[in-house]
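The values are calculated or read from the model by the stated rules, or taken from the named source; none is laboratory data. Keep in mind it's a predicted model, so treat the numbers as computed, not measured. Ideal geometry is used to build each Cβ from the backbone, glycine not excepted, and the neighbour counts take in all protein chains shown.
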Amino acid sequence: MLLVYAVALLLGGLFAVNAVFAYQSKHIDPVFWATIWYQFKLLPIIFAANVMIGFGVKFMYKGFGNLTFALTLSKGIEILVCVIIGMMFLREMPNWKTIAGLAIVVLGFWITKLK
């Protein structure tokens, strides 16, 4: 059950952070003060997402007992979230190279768990 909480917290936090930056890149002018004002308004969301990611990694570490694997798995989840956010906000459809890259990442997870 701890791993379910970990993945849910990681997904929530990573979706929040990546959505903030994807929205910024698409809808906020790349002017210094406009960007600062946008980031300032969204500080509570960034803070909450940071806490969610931190607890997600902590619970994943408790579940697996291996920090390297927990951090690697969280990066894999982040890559998946980035692909989904790219599809949602930027209308970027993944091609075969994206799918091949994700398959390599999954293969890497499998290799790291071999005993």
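Step by step: first the residues of the stretch 1-47, then only those that are in a loop (DSSP other than H, G, I, E, B) and within 26 Å of LYS75 (Cβ to Cβ), then the one that is modelled with the lowest pLDDT. Which residue is that?
Residue satisfying both the conditions and the ranking: MET1.
How many of the residues in the stretch 59-115 are basic (Lys, Arg) and either in contact (Cβ under 8 Å) with a residue 24 or more places away in the chain or part of a helix (DSSP H, G or I) (or both)? Steps first, answer last, please.
If we filter the stretch 59-115 for residues that are basic (Lys, Arg), which is where we start, we get 62, 75, 91, 97, 113, 115.
Add one more test, that the residue is either in contact (Cβ under 8 Å) with a residue 24 or more places away in the chain or part of a helix (DSSP H, G or I) (or both), and what stays is 62, 75, 97, 113.
Total satisfying the criteria: 4.
Picking from ILE36, ILE99, ILE85, which residue would you name as being within 19 Å of the chain's Cα centre (by Cα) and closer than 22 Å to GLY13 by Cα? Break it down stepwise before answering.
Numbers: ILE36 fails: within 19 Å of the chain's Cα centre (by Cα); ILE99 fails: closer than 22 Å to GLY13 by Cα.
Selected residue: ILE85, the only one of ILE36, ILE99, ILE85 that is within 19 Å of the chain's Cα centre (by Cα) and closer than 22 Å to GLY13 by Cα.
For the stretch 4-27, name all the residues that are surrounded by fewer than 14 Cβ atoms within 10 Å (Cβ to Cβ) and of a type in the set (A, V, I, L, M). Quick ask: steps written out before the conclusion?
Going residue by residue through the stretch 4-27, those that are surrounded by fewer than 14 Cβ atoms within 10 Å (Cβ to Cβ) are 4, 8, 25-27.
Within the stretch 4-27, VAL4, ALA8 meet the criteria.
Is it true that GLY56 is loosely packed, with under 14 Cβ neighbours inside 10 Å, among the small types (Gly, Ala, Ser), over 10 Å from the mean Cα position of the chain (by Cα) and more than 14 Å from ALA19 (Cβ to Cβ)?
Working: loosely packed, with under 14 Cβ neighbours inside 10 Å: no; among the small types (Gly, Ala, Ser): yes; over 10 Å from the mean Cα position of the chain (by Cα): yes; more than 14 Å from ALA19 (Cβ to Cβ): yes.
No.
So GLY65 clears everything in (1) under 23 Å from LYS113 (Cβ atoms); (2) small (Gly, Ala, Ser); (3) touching a helix residue (DSSP H, G or I) at 6+ places or on another chain (Cβ under 7 Å) except one condition, right? Which one?
Here GLY65 clears every test but (3).
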